[in-house]
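Since every read-out is calculated from the coordinates, none of them should be taken as a lab result. Model, not experiment: these values are computed from the prediction. Here the Cβ is made from the backbone with ideal geometry for all residues, glycine too, and neighbour counts use every protein chain on show.
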Amino acid sequence: MQLELKEKYLKVQEKELGQAQKLIVFMIAMIVIAVLLLGLMYYFIVQKRKFNKALTEKNTEIGKFNDRLISSIKYASVIQSNLLMNKEEIKKLFSNSFVYYQPKDILSGDFYWFGETNGVKVIISADCTGHGVPGALLTVLGHGIIEELIERKKLSSPSVIINELNNELNLAFSTQKLTEYGIELTVMCFKESEKRAAFASNGSGIYKYSNGEILNYLPVIHRPVKMIYSLNMRT
């Protein structure tokens, strides 16, 4: 009887020991898994810190580059604005007049020109294709060519001015394929001694007003400079 009790007791102990061993193995496994997870978390945290540091450094570099770029563009805008004639000067030619000039970006693809040569008053409104730097470079080139044509060569015919501008641009870009670039402009010339006005345009027509009312609209054929073959001229 006692022998049977001892055997049962031993079996119970063996069973409890087996369960305890399984529990220990399970706990060790959980600890190993927890350590691995903590290691992975630490690794990801370190990598994230490195990435954030690198990203911060790149953002700082990009910010400095953007600051330099914006500063350069703003300085270029000042140079471009100084090329344009003072808006108040136009009132010396036409007392009842004004100029509205509002660039879309810091640099503009539009420009205007006005002046007088051989008793003829000239007003030009021009729109270069593109915005920003490309458009601004075209405005500088176009403005310089127009000054050469009117102030030095004394041209005073709207259609001749546009044709000559086209010829000069073709010479300037003779080795380049820039068919997507061009200048649309309207040129008006007034000879007060003869009470005559003439205009030519390759982009926009003009409205004729009298006493605050539109009398008629004078259209033109849309052909940007560098693609001109013929021009409409109204007198």
message: Here is the link list: LYS104/LYS153; LYS50/LYS74; LYS74/LYS208; LYS48/LYS104; LYS154/LYS195; LYS91/LYS154. Which ones come out longer than 29 Å on Cα distance?
response: LYS104/LYS153; LYS50/LYS74; LYS74/LYS208; LYS48/LYS104
- line: Length gained, ASN216-ILE31, 0.36 nm per residue minus C-alpha separation, equals 57.5 nm
query: With each label point set 7 Å from Cα along the Cα-Cβ vector, what nm distance links GLU151 and GLN47?
result: 6.4 nm
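Neighbouring Cβ atoms within 10 Å as the yardstick, rank THR60, THR117 fewest first.
By the 10 Å Cβ count, ascending: THR60, THR117.
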message: Suppose each label sits 7 Å from its Cα in the direction of the beta carbon; what would the ILE106-ARG196 distance come out to in nanometres?
response: 4.7 nm
message: Taking R0 as 41 Å, what FRET efficiency do you get between GLU116 and SER71 from their Cβ-Cβ distance, rounded to the nearest 0.05?
response: 0.65
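Students often check this: by mean Cβ neighbours within 10 Å, which of 34-47, 75-88 ranks highest, and how do the rest follow?
Averaged packing, sorted descending, gives the order 75-88, 34-47.
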Whole-number percent relative contact order across the stretch 111-176, with pairs defined as alpha carbons under 8 Å at least 6 apart: 26 percent
- prompt: So what's the Cα pair-distance distribution over the stretch 53-143, bin width 10 Å, in %?
  reply: 15, 36, 25, 13, 7, 3, 1
